[in-house]
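Following: one structure in structure tokens, then a few remarks.
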Amino acid sequence: MRGRHRFRTAVAAAAGFLLCGGVLTGCDTAGSEAAPDSSAKPRPRPKPAFVWDPTPASLAAVGDSITRAFDACTVLADCPEASWATGTDAAVNSLALRLLGPERVAGHSWNLARTGARMAELPGQMEQAAAARPELVTVMMGANDACRDRTELMTPVEEFRTSFASSLAALRADAPKAQVYVTSVPDLRRLWATGRVSAMGREVWKLGICASMLADPLDASPAAERRRTLVADRVAAYNTALKEVCAKDVRCRYDGGAVFAFPFGGAQLSPWDWFHPSRDGQARLAEIAHRQVTAVEPPA
């Protein structure tokens, strides 16, 4: 009996060796499952799908003097009826008019922008926007961060980025499903190149409008060129920050640089300051915004 027992034990051991070591994998000598491979990298989580409704039914606008249509109708005054975002002027045909129709603009759109505002103010404006529970929020902010008396006073890029990220967080706290359309900062160097040929523009700029870029517009010295390049580079960095922060929010759409690339000419600039958009310039901004907001896919 002992001989038979030893024989059966030897046969079982040999079979186990063949199954675990010689033929099959995934078991150990005790017959348990193989330990997981600790060196295997975890699978990346799929990125959330981009969410966008091209037909929002309400709109809040935040930003600065451009969204308030400063100097579009009369000198040194806001003209919100001509705003590209929420205006009621049929000649401008604002984004709100195009999306909502004239009968709904008054009750379903809000212009919360402030002339002179910089990015540090945007979180507070976003809190006001969130309280209205809009389906779409438009953001145009950043020109005043670059337009300072001296280049040393321009808003640092990281402060700009942090304020913009904080503004989206403020919106999400009370309006998590609101969509956000973010425009690029306009090309201030292009505005300088356009307006400097106008004697009127040069005279008005002496009052200190965007001095970091527009001061001494005919000065072609290396120092003046370096100053303008610093401002242009800062605007480019602001636009990169807007794009990158917006990309982290599935309900945020950056314009892909469309406003920055728009070639504002004399007809699109205010005749009183040769800097802010005229009514025609506001209309062009409304066209860009409507094209971007109603597109099913975001800009490349």
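Quick notes
- When R98, R161, R148, R172 are checked against the criterion of being assigned to a helix (DSSP H, G or I) and closer than 30 Å to A224 by Cα, a single residue qualifies: R161.
- Any hit, region 131-139, residues being assigned to a helix (DSSP H, G or I), open to solvent by 10 Å² or more (accessible area, probe 1.4 Å) and out of contact with any Cys (no Cβ under 8 Å at 6 or more places or on another chain): yes
- Residues within region 101-130 that are closer than 28 Å to A91 by Cα, open to solvent by 30 Å² or more (accessible area, probe 1.4 Å) and either in contact (Cβ under 8 Å) with a residue 60 or more places away in the chain or not charged (D, E, K, R) (or both), tallied: 9
- Checked against the criterion of being touching a residue at least 24 places away in the same chain (Cβ under 8 Å) and acidic (D, E), the candidates E152, E159 yield just one match: E159.
Condition check ((1) open to solvent by 40 Å² or more (accessible area, probe 1.4 Å); (2) small (G, A, S); (3) touching a Pro at 6+ places or on another chain (Cβ under 7 Å); (4) closer than 22 Å to L76 by Cα) across all residues:
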residue	(1), (2), (3), (4)
D149	yes, no, no, yes
P176	yes, no, no, no
R189	yes, no, no, no
R196	yes, no, yes, yes
W205	no, no, yes, yes
A215	no, yes, no, yes
P222	yes, no, no, no
A232	no, yes, no, no
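- Of everything listed in (1) in contact with a Ser or Thr (Cβ under 9 Å, 6 or more places away or on another chain); (2) of a type outside the set (A, V, I, L, M, F, W, C); (3) assigned to a loop (DSSP other than H, G, I, E, B), the single unmet condition for S212 is (3).
- Apart from one condition, V92 fits all of (1) crowded, with 17+ Cβ neighbours inside 10 Å; (2) assigned to a helix (DSSP H, G or I); the exception is (2).
- Filter pass, A236 being open to solvent by 30 Å² or more (accessible area, probe 1.4 Å), within 24 Å of V293 (Cα to Cα) and aliphatic (A, V, I, L, M): yes
- Only residues that are under 17 Å from E135 (Cα atoms), loosely packed, with under 15 Cβ neighbours inside 10 Å and among the polar types (S, T, N, Q) were counted across region 53-89, and they come to 1.
- Entry remark, region 33-52: residues being open to solvent by less than 80 Å² (accessible area, probe 1.4 Å) and either under 30 Å from T115 (Cβ atoms) or modelled with pLDDT of 60 or more (or both) number 3 in total.
So that you can scan it fast, the table gives a plain yes or no per residue for (1) in contact (Cβ under 8 Å) with a residue 40 or more places away in the chain; (2) assigned to a helix (DSSP H, G or I); (3) not polar (S, T, N, Q):
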position	(1), (2), (3)
L207	no, no, yes
P217	no, no, yes
R227	yes, yes, yes
V231	yes, yes, yes
V235	yes, yes, yes
A241	yes, yes, yes
V250	yes, no, yes
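The values are calculated or read from the model by the stated rules, or taken from the named source; none is laboratory data. Treat the numbers as computed from the prediction; the structure is a model and nothing was measured. Note that each Cβ is placed from the backbone with ideal geometry, even for glycine, and that neighbours are counted across all protein chains shown. Side chains are part of the model used for accessible areas, which takes the heavy atoms of the whole protein and leaves out ligands, DNA and RNA. Shrake-Rupley method; radii C 1.70, N 1.55, O 1.52, S 1.80 Å.
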